[in-house]
Amino acid sequence: MKSRDGTMDYVNRFYISSLLHIAFYSGFYQIYLQSLGLSKAQIGLLIGLSLILVALLEVPTGVVADKVSKKASVLISKALTIPNVLVLYLAHSFPEVLLATLFGALSLAFLTGAETGWVYELLSRSGRAGEYPKVYGRLRSFEMLGGFAGTIAGGFLAGFLGMRATILLTVPFIVASFLVLATIPGDTAKSGLSYGLHLWESLKFIRKSPEVMRLLLYANVIGLPVTAFTAFMQLYFYGFLASVMAVSAISALHTAINSASWFFDAGRYREVLYRYAWIILSFVLLLAGLNEWFGFVALTLGTFTFAQAFKEWQGRFQATVPDEKRATLGSLYSLIAAVTNGVLNTLLGHLFDLVGIMRGLVAAALFFLGVGFLFSIADRKHD
């Protein structure tokens with residue numbers, strides 16, 4: 001699609017940048033860490049620590065995006081991904097992987113909230129705010145499509161070049177994504193308040209808006225069962241397939257299903273999936289814990305349900321917050337999600353070491369069903 005001046009529409013450039021989100025090591029990342037001598041508990045600790053670090057950095061980077069530039073925040077995020085990959089490539093022990101995790105956490109913190117806020121503001125400025133849910137879904141779809149290509153190629157490349165060399169091949173795609181994003185118009189809505197006052201006003205906005213608070217809580221409720229399965233998905237399938245290439249292929253399949261789920265829109269059924277996502281997602285997690293082959297149900301039904309539910313959530317959330325607070329409030333959501341998921345992954349790592357992944361998933365699914373049920377009762381009382 002071309003804009004009126006004949007140049008490529010900025011939305012398409014966002015799509016291209018998302019498509020270039022290719023990490024060749026994503027399909028064997030946990031197996032690579034295991035090959036370095038890391039235990040499941042250490043891997044779980046790294047996953048949890050990464051999310052907690054993102055949580056600590058989320059709000060400061062979100063405020064910077066709102067006060068300085070959302071575009072600059074996204075570009076900084078891309079730039080920080082390069083040392084993340086390079087350190088991971090050079091790593092031989094837990095401390096070195098930890099350093100790579102630090103770069104990755106900082107990169108993610110600069111991205112979350114800023115990217116979605118940047119997209120929504122540009123669409124709103126062009127009179128296209130109504131397109132946001134579809135655009136957001138397609139951004140994630142193209143991102144998953146790029147991830148699919150990277151995961152498939154990474155599995156084959158690792159077989160020929162080894163896992164370590166394959167990791168390094170990710171860098172050129174990061175640079176290309178950075179250059180594409182640099183050509184997109186910048187955001188203009190900026191907060192004129194001081195750092196502290198801006199943060200205080202944003203928190204007051206949440207306190208005065210029960211709908212925003214409910215949205216923040218519900219997004220985390222439906223995300224718990226998804227995290228429990230996907231965080232250790234590679235080790236889950238490797239436990240009965242015992243093949244790096246097979247696990248990479250399954251990761252690629254998951255990415256393809258994810259891409260299709262974000263691209264396809266359930267229409268009027270999207271709201272139904274949004275309301276009952278906590279039941280569906282907890283149930284498929286329970287099935288995955290009962291039998292390994294039900295893990296493929298979690299890949300399909302679970303992925304589709306979460307994508308539709310979260311797309312509905314994004315449309316509701318972005319429409320309820322003002323431009324100059326959008327990155328900060330988006331980062332605040334990510335902070336809550338990161339803390340919740342970080343603690344969850346750390347606990348799951350120890351749980352899986354104690355009772356095994358299958359029994360651990362059953363226990364987690366039953367717990368999430370209880371949490372979702374309690375939230376549903378409270379939500380109905382509020383209504």
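The values are calculated or read from the model by the stated rules, or taken from the named source; none is laboratory data. Keep in mind that what you see is a predicted model, and the values were worked out from it rather than measured. Counting neighbours? That spans all protein chains shown, and the Cβs are built from the backbone with ideal geometry, glycine included. Note: areas computed on protein heavy atoms with side chains; ligands, DNA, RNA excluded. Shrake-Rupley method; radii C 1.70, N 1.55, O 1.52, S 1.80 Å.
Details
- Whether region 92-150 is rounded, prolate or oblate, judged on the alpha carbon gyration tensor where a/c under 1.5 counts as rounded: oblate
- Rg/Rh (Cα only; Kirkwood hydrodynamic radius) as it applies to region 249-383: 0.99
- Positive-end residue of Thr328, Ile167, Leu290, charge dipole of the chain with Cβ unit charges: Thr328
- Diffusion coefficient (Stokes-Einstein, Kirkwood radius over C-alpha pairs, 4 °C, 1.567 mPa s) for region 1-157: 76 µm²/s, rounded to a whole number.
- Under a model in which nothing but the beta-carbon of Lys, Arg (+1) and Asp, Glu (-1) is charged, region 226-340 shows a dipole of about 200 debye around its Cα centre.
- Using the Cα coordinates of region 305-346, the gyration tensor eigenvalues translate into equivalent-ellipsoid semi-axes of 21, 16, 5 Å, sorted from longest to shortest.
- Solvent-accessible area of Thr340 with every protein chain in place, 1.4 Å probe, in Å² to the nearest 10: 50 Å²
- For the chain, with +1 on Lys and Arg beta carbons and -1 on Asp and Glu, the positive-most of Ala309, Met213, Phe368 along the dipole: Met213
- Arg140, Arg164, reordered so the largest accessible area comes first (probe 1.4 Å): Arg164, Arg140
- Rolling a 1.4 Å probe over the protein heavy atoms leaves Lys40 with an accessible area of roughly 80 Å².
- q = 0.17, 0.24 Å⁻¹, region 201-295: log10 I(q)/I(0) [Debye, one scatterer per Cα]: -0.91, -1.29
- Given charges at beta-carbon only (K, R positive; D, E negative), |dipole| of the chain in Debye: 560 debye
- Here region 252-383 has 68 percent of its accessible surface on carbon and sulfur atoms, given a 1.4 Å probe and all protein chains in place.
- Fraction in percent of alpha-carbon pairs per bin - 10 Å, the chain: 5, 22, 35, 27, 10, 1, 0
- Cα-based Kirkwood hydrodynamic radius, region 286-357, one decimal, Å: 14.9 Å
- Taking each DSSP H run with n ≥ 4 as -39500 (n - 2.57) and averaging over every residue of the chain yields -26500 deg cm²/dmol at 222 nm.
- Surface per residue (accessible, 1.4 Å probe) for region 90-184, Å²: 41 Å²
- Using only the C-alpha atoms, the convex hull of region 54-121 corresponds to 66 Å³ per residue.
- Relative contact order for region 222-370: 36 percent, from Cα pairs under 8 Å spaced at least 6 residues apart, divided by residue count.
- For the chain, relative contact order (Cα pairs under 8 Å, six or more residues apart, normalised by length) works out to 30 percent.
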